[in-house]
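> The structure is given below, and queries will be raised subsequently.
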Amino acid sequence: MDLSIFQIDAFTNRIFGGNPAAIVPLEEWIPDALMQSIAAENNLAETAFFVRGTEGYELRWFTPTVEVDLCGHATLATAHLIFSRYEPTSDRVRFLSKSGWLEVTRAGDRLALDFPSRPPVACAAPPQLAAALGGQPVDVLAARDYLVVLKTAAAVRALKPDMEKLATLDKFAVIVTAPGEDCDFVSRFFAPSQGIPEDPVTGSAHCTLIPYWSQRLGLRSLFARQVSARGGELWCEDRDDRVLIAGQAVLYLQGMIHV
């Protein structure tokens with residue numbers, strides 16, 4: 001079987017920035033085990049697979065080790081591919097996913113994701129969390145992921161977590177955040193137990209970051225940076241039970257895989 005494959009850098013306007021995602025368009029679904037093997041072979045944070053449906057597209061995402069229920073950067077990358085290659089005159093694309101219907105619309109030179117909000121709530125910090133991060137948090141909250149708040153953007157950038165210790169935590173991942181200097185807030189995202197030591201730019205994390213910072217700063221619209229080595233920029237909006245996450249994307253690679 002020959003399958004097309006594309007690699008697109010999301011939440012950036014330049015190649016080698018943002019978060020790379022692989023996208024594999026399908027005529028019909030192939031076995032789950034094969035999709036997982038393709039994702040493991042790609043060895044990127046996420047590989048997205050999509051199939052055209054009657055009301056939009058069905059979309060699924062795989063890390064190198066597991067299928068996930070929500071992924072922002074691979075959804076942005078998939079929408080970029082559809083708008084540029086399959087539906088160049090469209091301004092909106094809808095995806096049916098494990099998190100329900102997701103919509104992506106054109107917003108000038110950006111694409112805006114309409115995602116569910118996942119507000120965090122205060123929680124007791126696991127004893128190993130501070131040791132795993134190498135610093136004492138100002139605050140710890142949780143939704144799908146732990147949300148760890150530090151004092152400064154510099155502290156977030158300087159983190160060198162112990163990935164083995166992080167992998168023992170009982171949440172999907174750990175988001176670390178702080179107020180920004182040239183933006184409203186910064187973050188980093190670590191998910192070693194899911195096969196992703198550090199994700200360069202994480203749309204799904206902003207489902208939790210946006211409601212937190214919107215409430216803390218009293219702002220509905222926010223500009224965020226994910227301060228990984230590759231870095232990324234996200235234009236965000238709090239819409240109560242939904243969030244908008246906008247960014248840019250660029251094609252890096254296209255080819256064929258043989259399975």
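> ASP69 - would you say it is touching an Asp or Glu at 6+ places or on another chain (Cβ under 6 Å) and of a type in the set (Asp, Glu)?
Values: touching an Asp or Glu at 6+ places or on another chain (Cβ under 6 Å): no; of a type in the set (Asp, Glu): yes.
When the stated conditions are applied, ASP69 does not pass them.
> Given the conditions (1) part of a strand (DSSP E or B); (2) over 15 Å from the mean Cα position of the chain (by Cα); (3) surrounded by fewer than 21 Cβ atoms within 10 Å (Cβ to Cβ), report the number of the one that ARG85 does not fulfil.
Every listed condition holds for ARG85 apart from (1).
> Given the conditions (1) in the same structural domain as ALA125 (by TED's automatic domain parsing); (2) surrounded by fewer than 16 Cβ atoms within 10 Å (Cβ to Cβ); (3) under 25 Å from PHE83 (Cα atoms), report the number of the one that ASP182 does not fulfil.
Unmet condition: (3).
> With assigned by TED's automatic domain parsing to the domain that holds PHE6, assigned to a strand (DSSP E or B), modelled with pLDDT of 95 or more and not small (Gly, Ala, Ser) as the only criterion, which of THR105, THR75 stands out? Quick ask: steps written out before the conclusion?
Working: THR75 fails: assigned to a strand (DSSP E or B).
After applying the criteria, what remains is THR105.
> Residue under question is THR177, and the condition is that it be closer than 23 Å to ALA124 by Cβ and touching a Pro at 6+ places or on another chain (Cβ under 6 Å); does it hold?
On the way: closer than 23 Å to ALA124 by Cβ: yes; touching a Pro at 6+ places or on another chain (Cβ under 6 Å): no.
Judged against the criteria, THR177 is not a match.
> Just the residues that are out of contact with any Ser or Thr (no Cβ under 7 Å at 6 or more places or on another chain) and either surrounded by fewer than 23 Cβ atoms within 10 Å (Cβ to Cβ) or closer than 16 Å to ALA143 by Cα (or both), please, taken from the range 185-202.
The answer is PHE190, ALA191, PRO192, SER193, PRO197, THR202.
> Name the single residue, out of those in the range 112-148 being buried (at least 18 other Cβ atoms within 10 Å of the Cβ), touching a residue at least 60 places away in the same chain (Cβ under 8 Å) and in contact with a Pro (Cβ under 8 Å, 6 or more places away or on another chain), that is nearest to GLN248 (Cα to Cα).
Step by step, filter the range 112-148, then rank; the result is ARG118.
> Just give me the residues in the range 150-183 being among the β-branched types (Val, Ile, Thr) and closer than 16 Å to ARG118 by Cα, in sequence order. Outline the logic, then answer.
Our first condition is that a residue be among the β-branched types (Val, Ile, Thr); within the range 150-183, this holds for 152, 156, 168, 174-177.
Matches in the range 150-183: VAL174, ILE175, VAL176, THR177.
> Quick one: which residue in ARG118, ARG60, ARG52, ARG110 is basic (Lys, Arg) and in contact with a Cys (Cβ under 8 Å, 6 or more places away or on another chain)? Walk me through it before giving the result.
On the way: ARG60 fails: in contact with a Cys (Cβ under 8 Å, 6 or more places away or on another chain); ARG52 fails: in contact with a Cys (Cβ under 8 Å, 6 or more places away or on another chain); ARG110 fails: in contact with a Cys (Cβ under 8 Å, 6 or more places away or on another chain).
Answer to the check: ARG118.
The values are calculated or read from the model by the stated rules, or taken from the named source; none is laboratory data. Since we're looking at a predicted model, the values are computed, not measured. So basically every Cβ, Gly included, is an ideal-geometry build from the backbone, and we count neighbours across all protein chains shown.
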